[in-house]
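One structure is given here, and the rest of the page talks about it.
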Amino acid sequence: MHDLRNPDYPNTYIAQILVSLDDPDHWVTLVWIGPQAADGESGPFRSSPGAGLQGLNCDDSETSMTNGSRCTPKGTRAVEGFVPHLNDDPRAIHVTFFDEARAIGLHYFPEVPPYPASHGCVRLETDHAAQLIYDNSVVGTTQVSVTGTWTKPAKQWPRG
């Protein structure tokens with residue numbers, strides 16, 4: 001069920017999902033394309049990116065893309081798929097993957113602090129924002145761009 005799908009989908013869809021790593025709100029903004037693009041809600045929506053493993057600098061692009069780093073990968077990549085919720089945490093719903101091999105995507109999560117806190121995903125503060133992305137992104141076409149300056153949080157995930 002796609003309650004927030006644009007009535008003109010797939011002719012009108014989200015072309016870009018812009019994720020800012022800048023503190024404290026880590027804004028996510030949507031760019032629509034198509035005949036009804038002007039009607040698409042663009043945000044910004046508050047989020048929280050990956051905290052990284054203890055001692056890692058997720059602001060370094062190479063580190064952010066390393067498997068197992070628990071960083072949100074910097075750069076631009078296409079949406080790769082969708083699942084209703086993450087298997088390891090059913091509270092994470094309306095998941096839009098942009099690094100499916102690492103199980104990293106955008107999703108709603110009930111806790112979105114003003115600092116990086118996730119295992120690498122982009123937690124969205126509202127289910128509405130997560131469902132909007134989930135319902136209106138196109139696999140292989142919608143681009144997710146992660147930019148900005150990641151700031152090391154007080155607590156990172158333990159190694160091991």
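Read-outs: derived from the displayed coordinates by stated rules, not from any lab. Because the structure is predicted, anything quoted here is derived from the model rather than measured. Cβ coordinates were reconstructed from backbone atoms using ideal geometry, including for glycine residues, and neighbour counts include every protein chain displayed.
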Dipole check, the chain, charges on Cβ (K,R +1; D,E -1), about Cα centroid: among M65, P44, T12 the Cα furthest to the positive pole belongs to M65
Highest mean packing first, using Cβ neighbours within 10 angstrom, the peptides 1-9, 56-64 sort as 56-64, 1-9
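What is the Å³ per residue value for the convex hull set by the Cα atoms of segment 19-147? Intermediate results must be reported in sequence, preceding the final value.
Details: hull volume 12.2 nm³, N = 129.
For segment 19-147, the hull spanned by Cα atoms encloses 95 Å³ per residue.
When the helix-only estimate is applied to the chain (DSSP H runs of n ≥ 4, each -39,500 (n - 2.57), divided by the residue count), what is the mean residue ellipticity at 222 nm, nearest 500 deg cm²/dmol? Intermediate values should be presented prior to the final figure.
Working: 2 runs with 14 residues, N = 160.
The per-residue figure over the chain is -2000 deg cm²/dmol.
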Extend 7 Å from the Cα of T141 along its Cα-to-C-beta direction; within segment 1-33, residues with backbone N under 11 Å of that point are 9-15, 33
Within the chain, cysteines having no neighbouring cysteine beta carbon under 4.7 Å are C121
